[in-house]
Every structure is written in structure tokens, then in C-alpha cells.
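Down below is the structure, laid out as C-alpha cells.
The values are calculated or read from the model by the stated rules, or taken from the named source; none is laboratory data. Because the structure is predicted, anything quoted here is derived from the model rather than measured. Glycine gets a Cβ as well: all are built from the backbone with ideal geometry, and neighbour counts include every protein chain shown.
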Amino acid sequence: MSTETSEYSAPSIADPAPLGLAGFAMTTMALSFANAGIIKEAGGAAVILALALFYGGIAQFAAGLWEFRRGNTFGATAFSSFGAFWLSYWAIGHWGAVGDIHEALGLYLLSWALFTAYMTVAALRTTTATLAVFVALTLAFIFLGIGALQNDTTGLASMTKVGGYIGILTALLAWYASAALVINSTHKKDVLPTLPR
């Protein structure tokens, strides 16, 4: 039997998860620093929106499509969905909102919390690294959603800041998971544990 690959054979595809996780982590980190009140520059929104469009949005969505090709339902759903989240976030920020949208924004964020919560249940069968990202992200969406719904100076500041700090933790966990996948794959051994469940 020949070891040559036929023109009809499926080419091997590298694991897209590190790309998806890195795009998610960097974009989440930038937005979370703003939500936590650490970055207060008005021009910072342009940086966040650029990341949301290209790295969090397009790159992560592409990672989701590659996960479909690999037959990974969890990865395909997670990366395609969160890529779409960042693309929609870019659209909201880019085109701007007309009038008060705090209720709509709160519902938007809490809807993402619901999606992330059931993905967290699915993540129980992945790795501890992935599960940690989903648990933290669910909490971040809940606090951010409540902060948006409150729409008052005190409540918005406190709940959104809490969501921002949880978002920073989420980003760090996602970066760890991304780094572990890249480094372990490159070194052909577990350098950074992900703790399969």
C-alpha cells in the first residue's frame, strides 16, 4: 500500500483551538481593562473595536470553522459563537447606538451568560483549563449584564467593574489554555498541564 496522500485524501489540519483561545483572550483582556476602569482613555475604544473585529471576531470565527472540519462540535460551537459575539460587539461599537440601550445591552450580555453556562456544562468533559475559562466567563457575563441593566452610576460602576476584573481572570485563563496547547504540541509532551477531565 502506498504511503503517498491521494489528491482525494483529507489534508491534516492543525489544531485551531490555540488560535481561537488567543483571539478570545487578547480581546477579552482589552475590553476587561476598560470595564474594570483600569484604562479610561476615550480613544481606547478604537483599540478594543479593532481587536474585536479582527482577532476576537474573524480569527476566532475561522478557528470555529476549522473545528467543524475536525469534527469537534464543542470547539466549533464555542469558537464560531464567540467569534460572532466579537463581530457583533464591533458592530454595536462601530455603528453606535441611538438612544438609551441599557436594557437591550443587559439582555444581550445575559443571553451570552446563558449560552456560556450551558457550554460550561459541556466543558465538564474537556479539560480543567477549558472548564476554568468557561466558569469565569459565565460569571463575567452575569456581572456585566447586571451592570448594564442597572444603568446608574453606582450600580453600573460596581457591577461592571466586578465583571471587568472577572474578565481579566478569564483572559488569563484562556491565554494559559492557548499557551499550553501550542507549547505542548511543539514540544510533543505536556509542558503545561491542561488536566483532561
remark   = Residues in the range 47-63 that are under 12 Å from the mean Cα position of the chain (by Cα) and among the aromatic types (Phe, Trp, Tyr) total 2
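Going residue by residue through the range 174-186, is there one that turns out to be buried (at least 20 other Cβ atoms within 10 Å of the Cβ), touching a Phe, Trp or Tyr at 6+ places or on another chain (Cβ under 8 Å) and modelled with pLDDT of 95 or more?
Looking through the range 174-186, at least one residue is buried (at least 20 other Cβ atoms within 10 Å of the Cβ), touching a Phe, Trp or Tyr at 6+ places or on another chain (Cβ under 8 Å) and modelled with pLDDT of 95 or more.
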message = When you scan the range 64-87, do you find a residue that is under 12 Å from the mean Cα position of the chain (by Cα), of a type in the set (A, V, I, L, M) and crowded, with 22+ Cβ neighbours inside 10 Å, even just one?
response = yes
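Which residues, taken from the range 64-103, are within 18 Å of LEU19 (Cα to Cα) and outside any helix (DSSP H, G or I)?
Narrowing the range 64-103 to residues within 18 Å of LEU19 (Cα to Cα): 64-87.
Within the range 64-103, GLY71, ASN72 meet the criteria.
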request  = Restricting attention to the range 112-129, report how many residues are surrounded by 13 or more Cβ atoms within 10 Å (Cβ to Cβ) and assigned to a helix (DSSP H, G or I).
outcome  = 12
request  = Starting from residues that are in contact with a Phe, Trp or Tyr (Cβ under 7 Å, 6 or more places away or on another chain) and surrounded by fewer than 20 Cβ atoms within 10 Å (Cβ to Cβ), keep the ones in the range 38-63 and report whichever is nearest to LEU21 (Cα to Cα).
outcome  = LEU53
